[in-house]
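This report refers to the structure that appears directly beneath it.
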């Protein structure tokens, strides 16, 4: 099978997956599509991410810490432990956007809707900087949770 045919097939399959997971997400808008959408074209990176990256299981931390917290306090966890919370097409709730419940690929790379549609590198963030990590991995949080963030630590 030629490269162009494979790319077109992967694009069609990825679009189908996105529409099945969240039919309200319009790919014409640069919205969050979830890490599974990345796996179609980036299977090795996706497999490594879901296997090794702690971010890929981040919602489990919210479940563990939830006891004793108010709903408002729990929602403050969403900005770092889910994908796109508080942004267009981002995590809303387990019922509405279950595919975004973990801190997925788009937390670092930005919304993937435009990239999935165009397949152009320029439509997704490819070069991370330490400032990107420090949005969630603030000194206060690192100290509180005794966590040492590593750029790309297990992500790819």
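Inter-label distance, residue 141 to residue 52: 2.2 nm, where each label sits 7 Å from its Cα along the C-beta direction. Extension gain, residue 132 to residue 87: 0.36 nm times the residue separation minus the Cα-Cα distance gives 14.6 nm.
Just rank 99, 115, fewest to most, by other beta-carbon atoms within 10 angstrom. Numbers along the way, then the final one.
On the way: 99 20, 115 24.
With the fewest neighbours first, 99, 115 line up as 99, 115.
The label point for residue 75 and the one for residue 121, both projected 7 Å from the Cα toward the Cβ, are 4.0 nm apart.
Where a number appears in this text, it was derived from the coordinates with a stated rule and is not lab data. Given the structure is predicted, the values throughout are model-derived calculations rather than measurements. Cβ atoms come from the backbone with ideal geometry, glycine included; neighbour counts cover every protein chain shown.
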